[in-house]
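The next block holds one structure in the form of structure tokens; read it before the comments.
The values are calculated or read from the model by the stated rules, or taken from the named source; none is laboratory data. As the structure is a prediction and not an experimental result, all values here were calculated from the model. With ideal geometry, Cβ positions are generated from the backbone for all residues, glycine too; neighbour counts draw on all protein chains shown. Surface areas here come from the heavy atoms of the whole protein model, side chains and all, with no ligands, DNA or RNA. Shrake-Rupley method; radii C 1.70, N 1.55, O 1.52, S 1.80 Å.
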Amino acid sequence: MSKKVLVSGGAGYIGSHVTVELIAAGYEVVVADNLSNCDLTCFEGVKKITGRDDIPFYQIDCCDYASVDKVFTEHKIDAVIHFAAFKAVGESVAEPIMYYRNNLVSFLNILEVAKNHGGCNVLFSSSATVYGEAEVLPVTEQTPRLPATSPYGNTKQMCEDILRDVVAATAASEGVVKGIALRYFNPIGAHPSALIGELPRGVPNNLVPFITQTAIGKRECLSIFGNDYPTADGTGVRDYIHVVDLAIGHLHALKKVCSGTGLNIYNLGTGNGYSVLEVLRAFEKACGHPIKFEIAPRRPGDIATCFSDPSKAKAE
Ligand code: UDP
């Protein structure tokens, strides 16, 4: 069993929820984060929720090999859950070098350091974006990946491939790296304590934080990106999974990775698709007041519909 887990990007949205579940399940956790897209609010929330004031925290950039090496020298790391990455599709189109450097170099460093310290188990945060606009829905893990339409999407595909190659190459080496890639659909929601949640810096790119910030008056109006898609109400359809369910998926993956050979891949979604309008209406109902919205042009790179077949994760 993996006992000590390094969570890179552990101060961020998904990382903080995963840290809570890991600690609740009895794992020791080390958090590394460069705070590039969050502050310490969620990490402080994690400490409150878990009642643990002693979670080791490294404010480091995983692109710096020596910093990652220091963490592995100071802790016997059994597994890494690698969240630390840039994730804004539009920004990646504008700043490809920054995205490739950050998302690839940080992961390469994690893998190389892990290998050099005797090997470990690695969970990689991949994304449904690797499927692109699939011809057949829902998408299974066998659905072919389509060429990425953004540098961000490309980094997810490339990191999956890097992990696959490293797992294969280290199987018979001193430092065995075992790996699982988890393809997230659309994580939303927050821990029931509300001490942690999705708090991106600046204007949110994702739907739900934009809705929540509009609901509390921080944003004027939600722009719905397109109402002329070939969907029931014309707005985009996605598979929204609660972040705590997603976090629990990581606990199961950690157990699974120990016995695995080769790169194993799992979809983490619910299998249900909901439209932007359905999400908005549900949110209005839950918070008891209307939320201002307007119909805006389609967002470049968006697809009409994407939802998962999560049966592999459920079964295994
Ligand atoms: N969306 C929207 N307005 C926003 C943000 C997102 O209408 O301000 C739509 C987007 O076009 C997509 C869905 O909400 O259909 C989910 O987008 P998000 O960026 O959250 O996730 P994605 O599936 O693109 O990774």
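With a 1.4 Å probe and all protein chains kept in place, how do His242, His252, His17 rank by accessible area, largest first?
Details: His242 70, His252 110, His17 5 Å².
Accessible-area ranking of His242, His252, His17, largest first: His252, His242, His17.
Could you state the accessible area per residue of the chain in Å², with a 1.4 Å probe and every protein chain left in place? Please list the in-between numbers first.
Numbers: 14290 Å² over 316 residues.
With all protein chains present, the chain gives 45 Å² per residue.
Using heavy-atom solvent-accessible surface (probe 1.4 Å) with all chains present, what is the largest-first order of Ser36, Ser259?
Numbers: Ser36 60, Ser259 95 Å².
So, going from the largest accessible area down, we get Ser259, Ser36.
Given only helices, namely DSSP H runs of n ≥ 4 each adding -39500 (n - 2.57), what is the per-residue ellipticity at 222 nm of the chain, to the nearest 500 deg cm²/dmol? Walk me through the numbers before you get to the answer.
Working: 11 runs with 117 residues, N = 316.
Calculated mean residue ellipticity at 222 nm is -11000 deg cm²/dmol.
Give the aspartates and glutamates reachable from Lys314 as a straight Cα distance under 14 Å; neighbours fewer than 8 places away on the same chain don't count.
Qualifying aspartates and glutamates at Cα under 14 Å: Glu141, Asp245.
Looking at segment 65-104, which trypsin sites (Lys or Arg not before Pro) are DSSP coil and have at most 11 other C-beta atoms within 10 Å of their C-beta? Walk me through the intermediate numbers first.
On the way: sites: Lys70, Lys76, Lys87, Arg101; in loops: Lys76, Lys87.
Taking segment 65-104 and a limit of 11 other Cβ atoms within 10 Å, no loop trypsin sites (Lys or Arg not before Pro) are found.
Asp228: accessible area at probe 1.4 Å, nearest 10 Å²?
100
Under 12 Å Cα to Cα from Lys292, which aspartates and glutamates show up? Leave out anything in the same chain fewer than 8 places away.
Those aspartates and glutamates meeting the cut-off are Glu220, Glu284.
Let me have the relative contact order for the chain, percent, based on Cα pairs under 8 Å that are six or more residues apart.
Numbers: 633 pairs, mean separation 61.8, N = 316.
That works out to 20 percent.
Would you mind computing, in nm to one decimal, how far apart the modelled labels at Glu44 and Ser173 are, each placed 7 Å from Cα along Cα→Cβ?
Spacing of the two 7 Å Cα→Cβ label points: 4.2 nm.
Under 13 Å between alpha carbons, and skipping anything fewer than 8 positions from Lys255 in its own chain: which aspartates and glutamates qualify?
Within the straight-line limit of under 13 Å, Lys255 reaches these aspartates and glutamates: Asp78, Glu316.
So what are segment 1-109's ellipsoid semi-axes, whole angstrom, largest first, if each one is the square root of 5 times an eigenvalue of the alpha-carbon gyration tensor? Could the numbers behind the result be given before it?
Details: eigenvalues 115, 53, 25 Å².
Square roots of five times the eigenvalues give 24, 16, 11 Å.
When only C-alpha pairs under 8 Å and at least 6 residues apart count, what is the relative contact order of segment 1-105, in percent?
Details: 150 pairs, mean separation 34.7, N = 105.
That works out to 33 percent.
How much of the accessible area of the chain, in percent, comes from carbon and sulfur atoms when a 1.4 Å probe is used?
Details: 7830 of 14290 Å².
Summing carbon and sulfur atoms, their accessible area is 55 percent of the total for the chain.
Between Leu251 and Met98, what FRET efficiency comes out of the Förster formula 1/(1 + (r/R0)^6) with R0 = 35 Å and r the beta carbon distance, rounded to 0.05? Each step should come with its number before you reach the end.
Values: r = 32 Å, r/R0 = 0.93.
With R0 = 35 Å, the Cβ-Cβ based efficiency is 0.60.
Here is the link list: Lys47/Lys256; Lys4/Lys156; Lys4/Lys48; Lys48/Lys218; Lys3/Lys312. Which ones come out longer than 22 Å on Cα distance? Please report the intermediate quantities before stating the final value.
Values: Lys47/Lys256 27 Å; Lys4/Lys156 25 Å; Lys4/Lys48 20 Å; Lys48/Lys218 26 Å; Lys3/Lys312 25 Å.
Over 22 Å apart, Cα to Cα: Lys47/Lys256; Lys4/Lys156; Lys48/Lys218; Lys3/Lys312.
Relative to the longest principal axis of the chain, what angle (0 to 90°, nearest 10) does the C-alpha long axis of helix 106-116 take?
20
Could you give the size of the charge dipole of segment 135-266 about its Cα centre, using +1 on the Cβ of each K and R and -1 on the Cβ of each D and E, expressed in debye and rounded to the nearest 20? Could you put the intermediate results ahead of the total?
Numbers: 11 positive and 12 negative charges, 68 e Å.
My answer is approximately 320 debye.
Given labels modelled 7 Å from the Cα in the Cβ direction, how far is it in nm from Arg52 to Glu278?
3.7
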